[in-house]
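Read the structure below first, then the notes.
The values are calculated or read from the model by the stated rules, or taken from the named source; none is laboratory data. Because the structure is predicted, anything quoted here is derived from the model rather than measured. Glycine also receives a Cβ, built like all others from the backbone with ideal geometry; neighbour counts cover every protein chain displayed. Each accessible area value is taken on the protein alone, full model and side chains, heavy atoms only, with ligands, DNA and RNA left out. Shrake-Rupley method; radii C 1.70, N 1.55, O 1.52, S 1.80 Å.
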Amino acid sequence: MTAIFRAMTAQDLEHCYRMTQQLKWPHRPEDWQQALALGEGVVIEERGKLLGSAILWRWGERAATIGLVIVDNQQQGRGLGKQLMLTLLEKVPDHNVRLHATEMGKGLYEKLGFVATGQIFQHQTRSLESVPSVMIPTGLTLRRAQAQDAPALTALDRQAHGMLRPQLIAHIVGQHQTVLLEDVQAKVQGFASLRRFGHGWAIGPIIAADLPVAQALVASLMQGLRGEFVRIDTDAALPLAAWLATLGLAQVDNPTTMVRGTPWMPQAGGMQAFGLMTQAMA
């Protein structure tokens, strides 16, 4: 019987969650719900059973990300992962598409035209013990982000990595603890968000003009998290990782950033993406 590829629906999420459990990925059902709400997924079905899944997120007219690419362990070797990817890539032929690859997946993605452009360091601790002091750079003020800040934060987010994500930014401002630092002219110099994810808490995205701003944002969100599981995914090319290690957040994984199309080049002196929302949606 031929496997059927179809659009992912909310009814598929329980099975998708069980597949990530088999892989020992940390995603909760709520994390899957958020991922599908912001993107569009595809599943493979055969004889009424789900064999695999993947999700595409469109971030504006030219940028997209793909993640949560999963094939049931018992179905490996049938080329289903490649078919999942091709199904999604057909939807965005003119987009620059980014993903974060495991060692197992890199070969497949290279055959599909993806090129390695960097690495992500996944830092986490099961129990945060070293809560840093909040050192706010001179001339800046820390405050909670409000709904009216969302357009400005969306623009800064895009400046950092080329992805236009108004729905995502509105979500983290409205539903999660999102803070920003602004100067005396009320110009935002960076923002970051804290939310429940996986085994505990995740901090990201972290968009900042420089390392001291990123550190102040992260430190402010860590207040009250002593003893909690905390995770941050950061670009290996940026200096946040070394500081996270001093706080006891060990590096536990280092997926490869891969792009099909033209990699984004941030402007010199502009915003930088010190932390991801998730490895899947970046």
Need the failing condition index for G200 against (1) in contact with a Gly (Cβ under 9 Å, 6 or more places away or on another chain); (2) under 21 Å from L244 (Cβ atoms); (3) open to solvent by less than 10 Å² (accessible area, probe 1.4 Å), just the number.
(1)
In segment 54-65, is there at least one residue being touching a residue at least 24 places away in the same chain (Cβ under 8 Å), more than 27 Å from G275 (Cβ to Cβ) and open to solvent by less than 20 Å² (accessible area, probe 1.4 Å)?
no
Say we look at segment 109-125 and pick out the residues that are assigned to a helix (DSSP H, G or I) and open to solvent by 50 Å² or more (accessible area, probe 1.4 Å); which of these is farthest from R196 (Cα to Cα)?
K111
Quick check: is even one residue across segment 42-53 open to solvent by 10 Å² or more (accessible area, probe 1.4 Å) and modelled with pLDDT of 95 or more?
no
Top-ranked residue of segment 219-235 - restricted to ones that are surrounded by 16 or more Cβ atoms within 10 Å (Cβ to Cβ) and more than 14 Å from G204 (Cα to Cα), ranked as farthest from the chain's Cα centre (by Cα)
L225
Assess whether Q74 counts as being at pLDDT below 95, of a type outside the set (K, R) and either over 27 Å from L276 (Cα atoms) or open to solvent by less than 20 Å² (accessible area, probe 1.4 Å) (or both).
yes
Which of the strands (runs of 3 or more DSSP E) contained wholly in segment 1-73 include at least 2 residues that are within 20 Å of the chain's Cα centre (by Cα) and of a type in the set (A, V, I, L, M)?
49-58, 63-71
Filtering helices (runs of 4 or more DSSP H) wholly in segment 163-282 for at least 2 residues that are over 17 Å from V131 (Cα atoms) gives 166-175
Check on A250, of a type outside the set (F, W, Y) and surrounded by fewer than 17 Cβ atoms within 10 Å (Cβ to Cβ):
yes
R165 meets each of (1) more than 19 Å from G270 (Cα to Cα); (2) touching a residue at least 12 places away in the same chain (Cβ under 8 Å) with one exception, condition (1)
Does segment 157-166 include one or more residues that are in contact with an Asp or Glu (Cβ under 8 Å, 6 or more places away or on another chain), at pLDDT 95 or above, surrounded by 20 or more Cβ atoms within 10 Å (Cβ to Cβ) and among the charged types (D, E, K, R)?
yes
All-but-one check, A186 against (1) surrounded by fewer than 20 Cβ atoms within 10 Å (Cβ to Cβ); (2) in contact (Cβ under 8 Å) with a residue 40 or more places away in the chain; (3) over 18 Å from the mean Cα position of the chain (by Cα), failing number (2)
Condition test on L217, is it over 21 Å from A160 (Cα atoms) and not β-branched (V, I, T)?
no
